[in-house]
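In what follows, a structure is listed as C-alpha cells, so that the remarks can point back to it.
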Number of protein chains: 2
Amino acid sequence: MLVYLDGAVLPLAEARISPEDRAFLFADGLYEALLARDGRLLFWREHEARLRHGLDALRLPLTDPAGLEGVAERLLAANGLVAGEAVVYLQVSRGAAPRAHAFPEPAVPPTVYATVKPREPHPADRVAKGVPAITVPDDRWARCDVKSTALLANVMAQQAAKEAGAHEALFVRDGVAIEGSHSNLFAVRRDGRLVTYPACNYILEGVTRNEVLRLAGALGVPVELAALPVAELRAAAEVFVTGTTTEVLPVTTVDGRPVGDGLPGPVTRRLREAYLARLDELWPLRAPLAPGA
Amino acid sequence: MLVYLDGAVLPLAEARISPEDRAFLFADGLYEALLARDGRLLFWREHEARLRHGLDALRLPLTDPAGLEGVAERLLAANGLVAGEAVVYLQVSRGAAPRAHAFPEPAVPPTVYATVKPREPHPADRVAKGVPAITVPDDRWARCDVKSTALLANVMAQQAAKEAGAHEALFVRDGVAIEGSHSNLFAVRRDGRLVTYPACNYILEGVTRNEVLRLAGALGVPVELAALPVAELRAAAEVFVTGTTTEVLPVTTVDGRPVGDGLPGPVTRRLREAYLARLDELWPLRAPLAPGA
C-alpha cells in the first residue's frame with residue numbers, strides 16, 4: 001500500500017517521520033477519516049469545514065487544507081482504489097521541532113500524512129441484528145469538538161468494549177450518555193422522538209450525524225437535541241450509532257441488556273436506508289455494491 | 001546530538017519512526033523527563049515507579065522499564081554529558097501497527113525513544129524575582145495521573161501563558177487551581193499552611209512535589225492536601241510551582257496581580273534551598289555548579 005507523506009507518495013514501509021514530530025510527542029495533530037466511492041471523496045466539504053474548525057482551534061498553520069482533497073484522490077488513484085468504496089485517513093500535525101510545549105517559533109511546516117484502504121463492508125449480521133455497546137466513564141478532555149490525535153481515552157474505551165465483546169463504548173459524563181468512542185449516539189424515545197447530544201465542546205460533530213439529522217427532518221421524525229441520561233438510554237425504544245464507516249448502525253444491547261425488544265427498530269432502519277440512499281444519490285457507484293455489502 | 005531509538009544510538013537526524021506509531025496516531029504513549037548529574041539519573045526509582053503506574057494504567061507491555069535507566073545513562077555517556085547537569089527525556093509508545101483504536105493483537109514491540117541535552121539553569125532573575133503565572137480552564141482528560149503523551153491541552157495552556165508573558169499556566173477545574181501545565185502548584189496560606197492538591201486522577205504526582213512535601217514535613221511547615229479555590233490562590237501569602245527542571249520556583253504574580261507582596265516568600269525560599277541541598281546531598285556534583293546556575 002502506498003501512503004502520502006509531506007508531498008511524496010511512497011510505500012508505507014518507506015514512510016518515516018521524525019520522533020520530534022509534535023503528534024508523536026504532544027498529540028498536537030488533527031485527523032479526518034473519509035469514505036471514497038470510485039476514487040472520489042464523500043462529503044469533502046463537510047470534512048474540510050471540520051478540519052478548518054480544528055486548525056483554527058489549535059491555530060495550526062496548514063496553508064492549504066482544501067488541497068487535501070486532491071492529495072487523497074491522488075493517493076486513491078496511485079493505489080488503484082478507483083472503483084468501489086475506500087477509506088481515507090488524513091492527519092496533519094504541527095510539525096517536527098525540538099521538544100517544548102509552546103508552539104515552535106518560527107513555525108515549522110506541518111506534517112501531512114494520508115493513507116487509503118479498501119472499505120470493509122459491515123458483516124450482514126451486524127446490520128441485521130445490531131451490535132452490543134457498553135457504557136464507560138467519559139474521561140476525555142473538554143474539547144471533543146476538535147478531531148485531534150489526543151485519542152488515548154478513546155483507545156482505552158474501545159479496548160474495554162472489545163474485551164466486553166461489544167462493538168462500541170458509549171461515553172457517560174455526569175450521568176449522561178454523550179457519544180461513542182468513535183461514533184455519535186442516537187436514541188429513539190418510546191414516544192418516537194429522536195434524541196442526540198447537541199453539538200458542543202463535548203462531542204465530535206459527526207458528518208454522518210448531521211446528515212442523519214437532516215434526513216430525520218425530511219422524514220418527519222421529531223428531533224430533540226438534548227442530554228440523554230443513562231436511565232433514558234436504557235429505556236429507549238431504539239439506539240443507534242453513526243459515523244463515516246459506521247454509517248447508521250443499530251445498537252441492540254447496552255451493558256448486556258436488550259434495547260427495546262432487542263432487535264433493530266423501525267426508525268433506525270428507516271434512517272439507515274435513507275442515509276445509504278442519499279449516498280447513492282450523491283455519489284452513485286459505477287458498479288453497484290453486491291447486496292449486503 | 002545522539003538519541004536512542006529502539007535499541008540504537010544514532011544522530012537525531014537519522015532517527016525515524018513509522019507514521020503508524022500509536023503515539024503519532026493516538027497519543028498512546030508515556031514519557032518521563034529526568035535530571036542527570038555527572039551522567040547519573042536523579043530519583044530514578046521514583047520516575048520508574050510512576051512510569052510503571054502508567055504502564056499498568058494503559059496496559060502497555062514494556063517488558064523492562066528498569067532497563068531504561070541504563071539506556072539513559074548510556075545515552076548520556078554517548079553524548080559526553082558525564083559532567084554537570086543534563087535533562088533526559090524518555091518516551092514509550094504502544095508501538096506501530098495498522099490504525100485501529102483497540103490494542104494491536106498480537107501486541108507489537110513498544111517504541112522506546114530517549115534524548116538528552118545539557119540542562120539550562122534558570123536565569124538568576126527567574127529565581128530572585130519569581131515568575132508570572134496565568135490561570136486557564138482545565139480542559140484536560142480525567143487521567144492526569146498518567147504521564148501520557150496526550151498533552152494537547154498542556155500545549156494550548158503553555159502557549160497561552162507564553163503569549164501572556166507568563167512562565168506557567170495554572171489549570172482551574174470547577175473553580176479550583178489544580179496544577180500547572182508542566183508543574184505542580186503550591187500555595188502558602190496567610191496562616192503559614194502549605195497547600196497543594198491531593199494526589200489523585202486530576203494531577204500528575206510529581207517527583208519534586210513529593211520531595212518538597214517530605215522536606216516541608218522535616219522543616220515543620222504544616223501541610224494541607226486540599227483543593228485550592230482560585231480566590232484562595234489569589235489571597236495566598238506565597239505561591240510556587242515544582243517540577244524536575246522547574247525545581248521550586250516562586251510565582252509572584254497570578255493573572256497580573258501580585259502574590260502577597262509580589263516577592264518570593266520565605267517558605268518558598270526555604271523549601272527551594274532545602275530541595276537543592278537535598279540534591280547536593282544525594283548526588284553531589286564532582287565540580288560544583290557556578291553560583292546562580
> Taking other Cβ within 10 Å of each residue's Cβ, how do B:D139, A:D21 sort, fewest first?
Replying inline: B:D139, A:D21
>> Which residue fluctuates most in the GNM of chain A (Cα springs below 10 Å): A:S148, A:S18, A:S181?
In response: A:S18
>> Once you order the gyration tensor axes a ≥ b ≥ c over the Cα atoms, which shape class does the stretch B:199-258 get: rounded for a/c under 1.5, otherwise prolate or oblate by comparing a/b with b/c?
In response: rounded
> Taking the stretch B:101-144 on its own, what percent of its Cα-Cα pair distances exceed 15 Å?
Replying inline: 76
>> Once you compute Rg and the Kirkwood Rh from C-alpha atoms, what is the Rg to Rh ratio for chain A?
In response: 0.97
> Looking at the stretch A:132-210, what % of the alpha carbon pairs are farther apart than 16 Å?
Replying inline: 49
> Can you give the Rg and Dmax of the stretch B:144-271 based on its C-alpha atoms, in angstrom?
Replying inline: 13.6, 39
>> On the principal axes of its Cα set, how long, how wide and how thick is the stretch A:1-47? Give whole Å, largest value first.
In response: 35, 24, 15
>> For B:D255, place a label point 7 Å from Cα along the Cα-to-Cβ direction in every copy; what are the distances to the other copies, in nm, shortest first?
In response: 3.8
>> Could you derive backbone 3J(HN,Hα) for the stretch A:42-56 from the dihedral phi with the Karplus parameters 6.51, -1.76 and 1.60 (θ = phi - 60°), listing whole Hz in sequence and x where the residue is Gly or Pro?
In response: 8, 6, 4, 4, 5, 5, 5, 4, 5, 4, 5, 4, x, 4, 5
> When you take every Cα atom in the stretch B:158-197, what is the radius of gyration, and what is Dmax, the widest Cα pair distance, in Å?
Replying inline: 11.6, 34
> Taking the C-alpha atoms of the stretch B:212-293, how large are the radius of gyration and the largest Cα-Cα span, Dmax, in Å?
Replying inline: 14.4, 45
> Once a ≥ b ≥ c are taken as the square roots of the eigenvalues of the Cα gyration tensor of the stretch A:13-128, is the result rounded (a/c under 1.5), prolate (a/b larger than b/c) or oblate (a/b not larger than b/c)?
Replying inline: prolate
>> Nearest 10 degrees is fine. How inclined is helix B:152-163 to the longest principal axis of chain B, computing both from alpha carbons?
In response: 50
>> On a straight-distance basis, which lysines could pair with B:K147 in a cross-link, Cα separation under 26 angstrom, same-chain partners fewer than 8 positions away excluded?
In response: A:K147, A:K162, B:K117, B:K162
> Any idea what angle helix A:266-282 forms with the longest principal axis of chain A, computed on alpha-carbon atoms, 0 to 90 degrees, nearest 10?
Replying inline: 40
> Which whole-Hz ³J(HN,Hα) couplings does the stretch A:59-64 yield from phi under the Karplus relation 6.51 cos²θ - 1.76 cosθ + 1.60, θ = phi - 60°, glycine and proline marked x?
Replying inline: 6, 8, x, 8, 6, 9
>> Ignoring everything except DSSP H segments at least 4 long, calculate the 222 nm mean residue ellipticity for chain B; use -39,500 (n - 2.57) per segment, divide by total residues, nearest 500.
In response: -8500 deg cm²/dmol
> Which order do B:F103, A:F26 fall in if you start with the one that has the fewest other Cβ atoms within 10 Å?
Replying inline: B:F103, A:F26
>> With 10 angstrom as the radius, rank A:T268, A:T111, B:T244 by how many other C-beta atoms surround their C-beta, starting from the fewest.
In response: B:T244, A:T111, A:T268
> Rounded if a/c is under 1.5, else prolate if a/b is larger than b/c, else oblate: which is the stretch B:47-87, with a ≥ b ≥ c the root eigenvalues of its Cα gyration tensor?
Replying inline: prolate
>> Just to confirm a number: summing +1 for Lys and Arg and -1 for Asp and Glu over residues other than A:K162 whose beta-carbon lies under 14 angstrom from that of A:K162, what do you get?
In response: -2
> Where Lys and Arg each count +1 and Asp and Glu each count -1, what net charge lies around B:R126 among other residues with Cβ under 13 Å from its Cβ?
Replying inline: -2
>> Ratio of alpha-carbon Rg to the 2.2 N^0.38 Å globular estimate for the protein assembly as shown, to two decimals, please.
In response: 1.04
> Roughly what angle does helix A:68-78 make with the longest principal axis of chain A, taking Cα atoms, 0 to 90 degrees, to the nearest 10?
Replying inline: 90
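A short reminder: the numbers here are calculations on the coordinates, not readings from a lab. Here the structure is a predicted model, which means the values were calculated and not measured. Note that each Cβ is placed from the backbone with ideal geometry, even for glycine, and that neighbours are counted across all protein chains shown.
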